[in-house]
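> The structure follows.
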Amino acid sequence: MTTKPARTRFAPSPTGHLHLGGARTALYAYLLARKTGGQFILRIEDTDMKRTVAGAEQEIIDGLHWLGLNYDEGPDIGGKYGPYRQTERREIYAHHAKILVDSGHAYPCFCTPERLDKVRQEQMQRKENPHYDGTCRILSPDDAARRVANGEPHTIRFKMPYEGSTVAHDHLRGDIVTENKQLNDQVVLKTDGLPTYHLAAMVDDHEMQITHVVRGSEWLGTFPLHVNIVRAFGWEEPIWVHLSVFLKPSGKGKLSKRDSADAIKDDHSFFIKDLDGLGFIPEGVINWVALMGWGVAEDDVMTINQMVERFTIDSLTPSPAAINFQRLDHFNATHIRLLTTEDLAARLKPYFTREGLVVDDAVLLKIIPLIRERLTTLDDCIAFGAFFFQKNVTPTPEDLIAKGLDAKQSLDIAKKSYEILSSLSSIDHATAEPPMRAYVEESGLSVNQVFGFLRVASTGQKVSPPLFESMEIIGREKCLQRIKNAVEILEKM
RNA sequence: GCCCCCAUCGUCUAGUGGCCCAGGACGAAGCCCUCUCAAGGCUUAAACCGGGAUUCGAAUUCCCGUGGGGGCACCA
């Protein structure tokens, strides 16, 4: 397949957190660019100054980097088609709005928001579709130009044809035909001189030579407007790819604030910024997100580079997808297991130190093989490995009592275990396990009863990595001391 | 209300007229392995929204319903 290099872009508004939907849009744009040897661009669409949130742009940048979606051009790194922040491109839009007015594709509108509101109310009362009533559309150009020159506040509206229909082609859905009478004369340049999305995005995509516009399906409604704007300029259209939306985990309806709260309660999140702290790794998140809307028949565990190899926009699906956090857990765990020991160790360390534990790097490296396949999220390392770094463990006394036995019988196990283990010069698993098994044999006790006690005594918990391997890492002295401690607890019961 | 989009196991999906009594993955259930918990191996249950039409033949094409989603701003 010979595909020309694609220039794609991710163009979010800095109005809130970078979420899963945005991450997926960015990912597909990224994959397409990398697959074809093109460029992936970050553009910040901050033309609605009222909604711009401080710090949101940085969060987007950080999120993209964390996910590994590095862009070739963007507001923080520049590029030959900059600036990449729309508020810094004011003149470009004003210039293009003027072109539209001069060519008869747009006109100044002097209607006040109040009047517009009133018109809309009346239309709704009459059960008509709310739409601009065209008052300023019929003004004579000279008259309008005079009023503009006088400094009268105005917007610029795009003139939609009243008759015929607009055919817009979406790569995933085919031709989308809309009767032009359904369309509205939308504002493309606001009173404050800044453009609305419709103008800004079309101008930028053209100026930045974007070949494929990958965006959310919320733009499908204004899609006809957009192609009309592009055509009014006489520009070549990009290939349009409208992605599906994400549905709430139940599959019923779109994501809400409430769902977001539920996700957090469940130790998951829709926001990229939260994922790291929850123990998710970018490899897992990316793999998971990629598969919501991209049909991969088999072998769906992929690194981002494998995704680049396999990606094609033809295999994207247009139907909405429900968020499924169980799958995130699965992909996260799977990718954790794929990490090298050194890599995993480095990623785990912050989670231990976050708990106030002092981490011995040599010990950390040793416990990785023991806990790796037990981790769903990185922070699970605390549950499976904190005891390696603690001075003492404090088992729940009841847990020391072996299943089906009483305190006295458990005390016997404890004393005998101590006797056996203390007689060994080392308790690496190869030397410690055989005599303990022999003891199980001759005592008539079950493996679970004896090993269970030992597990609780030496790790402080009922669930742990393999017992003898763990004891070996804990070390002879510490183990004996912990067992002795268990003997004392049992004696008091 | 009007317009647009979507529709395969519970979920994500493969499937582009015969290879499909529909394949994979998550989840579920069972078995094996096993010092706990995992991981791993094997197995099972589980779907073409409904109705018409086209065709020798439809999950795949068309129409009508139904359901879900999105849009109808000087927000993106």
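The values are calculated or read from the model by the stated rules, or taken from the named source; none is laboratory data. None of the values given here were measured: they were computed from a predicted structure. Quick reminder, even Gly has a Cβ in these numbers, built from the backbone with ideal geometry, and neighbours come from all protein chains shown. SASA here: full protein model, heavy atoms, side chains in, ligands and nucleic acids out. Shrake-Rupley method; radii C 1.70, N 1.55, O 1.52, S 1.80 Å.
> If the cut-off is a Cα-Cα distance under 19 Å, which lysines reach residue A:35, setting aside same-chain residues fewer than 8 apart in sequence?
In chain and number order, the partners are A:4.
> Longer than 29 Å from Cα to Cα, which of A:118/A:257; A:80/A:190; A:366/A:484 are they? Say none if no pair is.
Beyond 29 Å between Cα atoms: A:118/A:257.
> Let me ask something else about it. Taking R0 as 56 Å, what FRET efficiency do you get between residue A:220 and residue A:365 from their Cβ-Cβ distance, rounded to the nearest 0.05?
For R0 = 56 Å, the calculated efficiency reads 0.60.
> Could you order peptides A:336-348, A:237-249 by the average number of other Cβ atoms within 10 Å of their residues, highest first? Write down the numbers at each step before the final one.
Numbers: A:336-348: 16.7, A:237-249: 19.2.
With the highest mean Cβ count within 10 Å placed first, the list reads A:237-249, A:336-348.
> For residue A:209 paired with residue A:147, estimate the spin-label separation in nm (one decimal), with each label point 7 Å from Cα along the Cα-to-Cβ line.
4.2
> Check chain A for me: any Cys whose beta-carbon has no other cysteine beta-carbon within less than 4.7 Å?
A:111, A:381, A:479
> Would you mind calculating the relative contact order of the stretch A:41-82 from Cα pairs under 8 angstrom and at least 6 residues apart, reporting the percent as a whole number?
Details: 20 pairs, mean separation 21.8, N = 42.
So the answer I get is 52 percent.
> Now a separate question. What does the accessible area of residue A:84 come to, in Å² to the nearest 10, when a probe of 1.4 Å is used?
My reading of the accessible area for residue A:84 is about 10 Å².
> Pairs of Cα atoms under 8 Å, at least six residues apart: use those to get the relative contact order of chain A, whole percent.
This gives 12 percent for chain A.
> Give the peptides A:144-157, A:191-204 in descending order of average Cβ contacts within 10 Å, highest first.
On the way: A:144-157: 15.0, A:191-204: 20.8.
Top to bottom by mean Cβ count within 10 Å: A:191-204, A:144-157.
> Can you compute the FRET efficiency between residue A:139 and residue A:169 using 1/(1 + (r/R0)^6), with r the Cβ-Cβ distance and R0 = 41 Å? Round to the nearest 0.05. Present the calculation step by step, with values, prior to reporting the outcome.
Numbers: r = 34 Å, r/R0 = 0.83.
Working from the Cβ atoms, E equals 0.75.
> Let me ask you something else. Does anyone have the angle between helix A:380-389 and the longest principal axis of chain A? Alpha-carbon axes, 0 to 90°, nearest 10?
The helix A:380-389 is inclined about 40 degrees to chain A.
> So with the 1.4 Å probe, I'd like the accessible area per residue for chain A, rounded to whole Å².
Using a 1.4 Å probe on heavy atoms only, each residue of chain A averages 48 Å².
> At what distance in angstrom do the alpha carbon centres of the stretch A:356-379 and the stretch A:277-323 lie from each other?
Each part's Cα centre sits 28 Å from the other's.
> Among the listed pairs A:265/A:462; A:265/A:492; A:127/A:181, which have their C-alpha atoms separated by more than 28 angstrom in this model?
Among A:265/A:462; A:265/A:492; A:127/A:181, the Cα-Cα distance tops 28 Å for A:265/A:492.
> Right, next: Taking only Cα atoms, what is the 0 to 90° angle, nearest 10, from helix A:56-67's long axis to the longest principal axis of chain A?
50
> Please compute the length gained on full extension between residue A:266 and residue A:95, using 0.36 nm multiplied by the number of residues separating them and subtracting their Cα-Cα distance.
56.5 nm
> Expressed as a whole percentage, what fraction of the accessible surface of the stretch A:88-243 belongs to carbon and sulfur atoms when a 1.4 Å probe is rolled over the protein heavy atoms?
51
> For every other residue with a beta carbon closer than 9 angstrom to the beta carbon of residue A:377, add +1 if it is Lys or Arg and -1 if Asp or Glu, then tell me the sum.
Combined, the nearby Lys, Arg, Asp and Glu give -4.
> A further question on this structure: I'd like the antiparallel share, as a percent to the nearest 5, of DSSP beta bridges with both residues in chain A.
Around 55 percent antiparallel, to the nearest 5.
> Work out how much length residue A:110 to residue A:3 would gain on full extension: take 0.36 nm times their residue separation and subtract the Cα-Cα distance, in nm to one decimal.
Numbers: separation 107, 0.36 × 107 = 38.52 nm, distance 4.70 nm.
Gain on stretching residue A:110 to residue A:3: 33.8 nm.
> Additional query: Quick one: what are the phi-derived ³J(HN,Hα) couplings along the stretch A:106-120, Karplus 6.51/-1.76/1.60 with θ = phi - 60°, whole Hz, x for glycine and proline?
For the stretch A:106-120, the Karplus curve yields 8, 8, x, 10, 9, 5, 7, x, 5, 5, 4, 4, 4, 4, 4 Hz.
> Do the sum for chain A: with -39,500 (n - 2.57) for every DSSP H run of n ≥ 4, divided by all residues, what is the mean residue ellipticity at 222 nm, to the nearest 500 deg cm²/dmol?
Rounded to the nearest 500, it is -14500 deg cm²/dmol.
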